[in-house]
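All remarks here apply to the structure that follows.
The values are calculated or read from the model by the stated rules, or taken from the named source; none is laboratory data. Here the structure is a predicted model, which means the values were calculated and not measured. Every residue, glycine as well, gets a Cβ built from its backbone with ideal geometry; the counts of neighbours run over all protein chains shown.
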Amino acid sequence: MIDLVYTTLMDRKLIVTHHAPDLDAVGSVWMLKRFDAQDFADSHLAFVNPGEQISLAEAEEQGFQLHEVTHVDTGLGEFDHHQPEQAGPNICATSLVYDHACRIHPELSEDKALKIIVKYVTEIDHFGEIFWPNANDTKYHFMIHELIRGLEYLEPHNDESQMQFGLTCLDSVYAVLTQHLKAEEIIKEKGEKFTLNFGEALALDTRNDDTLKVAQKMGYVLVVRKDTKLGNIRVKVRPDAPIDLKPLYEKVLKNDKTGTWFYHASGKMLINGSVKHRSQTPSPLSLTQIVDLIKEVYE
């Protein structure tokens, strides 16, 4: 019986969802393609009216038989939540595919970034954003589900384009979440705290650039990071902290005749290399040395 089920799954080569795919339709396709990749990575896509299944004739037009078809967020099947026995505030098509993926790859149940995505998609699919603080704030229109929906106005009836855009968005947010969660872990395990006149600061020796922003959100008034591999140094100050990095910039230039430094006019950033400027020379200063300079200026 197990072998029969496995063979059936292996035969699934066409994923079908509804026209004008929303975040849940995109999320369930993304989950299959990325996390049940052995069966679905190269699957083709087809679209039907909401609630419907693809007909045999339509499937055959694309070179598939019905046993090679998997419906998501439509069709009232395994990965659709619109039937009474599947419906619920904590269930959507994406969560159903996530459960399926975890059964195949149990380690996915420990993937915090993936859990966050599934929770978010489920909340959006049940219109949970109406309960967010200042729910009518226009900044929410910049969020992923609104951007996906926006393509319905830009490219009406282009289901494939809307789906591909959504898949790219989810790839991006998964990468960002993974880095963010790793940044929290690095701050907790490797962050070196030190105190300035204006509050607590943090020093980090890591490649993870997200640690700068995450640490500021945690309340550190100043964060300095040295790239473990490349040697670049970045110093950032919270926008609400009464610190101007110009005095530090001047002191750094006296102590570092090699590195390329950029002082931001806001007074809140002192940068020695970034992905936006790829020709800067890394500073030879160690993390300890730059921290000592910071203390000299601001303690």
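Can you find a residue in region 216-232 that is within 26 Å of Glu184 (Cα to Cα), under 32 Å from the mean Cα position of the chain (by Cα) and assigned to a helix (DSSP H, G or I)?
Start the filter on region 216-232 by keeping residues that are within 26 Å of Glu184 (Cα to Cα), which leaves 216-232.
Restricting the remaining residues to those that are under 32 Å from the mean Cα position of the chain (by Cα) gives 216-232.
Pick out the ones that are also assigned to a helix (DSSP H, G or I) and you get 216-217.
Yes, some residue in region 216-232 is within 26 Å of Glu184 (Cα to Cα), under 32 Å from the mean Cα position of the chain (by Cα) and assigned to a helix (DSSP H, G or I).
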Task: Enumeration of residues in region 247-281 that are under 16 Å from Phe198 (Cα atoms) and charged (D, E, K, R) - done: Lys268
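Would you be able to say whether some residue in region 83-90 is outside any strand (DSSP E or B), touching a Gly at 6+ places or on another chain (Cβ under 6 Å) and of a type outside the set (A, V, I, L, M)?
Step one: filter region 83-90 for residues outside any strand (DSSP E or B), giving 83-90.
If we keep only those that are touching a Gly at 6+ places or on another chain (Cβ under 6 Å) too, we end up with none.
No.
Output the residues belonging to region 123-137 that are among the β-branched types (Val, Ile, Thr) and within 21 Å of Phe165 (Cβ to Cβ). Lay out the reasoning, then the answer.
Step one: of region 123-137, the residues among the β-branched types (Val, Ile, Thr) are 124, 130.
Listed by number, the list holds a single entry, Ile124.
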- [ ] Answer yes or no: is there a residue in region 272-280 that is polar (S, T, N, Q), closer than 21 Å to Gly191 by Cα and free of Cβ contacts under 8 Å to residues at least 40 places away in the same chain.
- [x] no
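If you go through region 52-67 one residue at a time, do you hit one that is at positive phi and either exposed (fewer than 15 other Cβ atoms within 10 Å of the Cβ) or of a type in the set (Phe, Trp, Tyr) (or both)?
yes
Restricting attention to region 242-276, and to residues there that are over 22 Å from Asp209 (Cβ atoms) and not charged (D, E, K, R), which single residue is farthest from the chain's Cα centre (by Cα)? Give the steps one after another, and end with the answer.
So in region 242-276, the residues over 22 Å from Asp209 (Cβ atoms) come out as 242, 244, 246-247, 250-251, 253-255, 257.
Narrowing the set further to residues that are not charged (D, E, K, R) leaves 242, 247, 253, 255.
Values: Pro242: 32, Pro247: 36, Leu253: 37, Asn255: 39 Å.
Only one residue fits best here, namely Asn255.
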- [ ] Check whether at least one residue in region 198-211 is in the same structural domain as Gly273 (by TED's automatic domain parsing), part of a helix (DSSP H, G or I), farther than 14 Å from Val26 by Cα and modelled with pLDDT of 95 or more, and report yes or no.
- [x] yes
Task: Among the candidates Glu152, Glu160, Glu184, Glu123, residue that is part of a helix (DSSP H, G or I) and at pLDDT below 95 - done: Glu152
Open item on the list: Given (1) buried (at least 20 other Cβ atoms within 10 Å of the Cβ); (2) of a type in the set (Val, Ile, Thr); (3) not assigned by TED's automatic domain parsing to the domain that holds Gln280, identify the lone condition not met by Val237.
Closed with: (3)
Task: All positions within region 163-181 that are surrounded by fewer than 13 Cβ atoms within 10 Å (Cβ to Cβ) and either modelled with pLDDT under 95 or among the small types (Gly, Ala, Ser) (or both) - done: Ser172, Ala175
Task: First in region 110-128 and outside the structural domain of Val72 (by TED's automatic domain parsing), second anywhere and surrounded by fewer than 15 Cβ atoms within 10 Å (Cβ to Cβ), Cβ under 9 Å, 6 or more apart - done: none
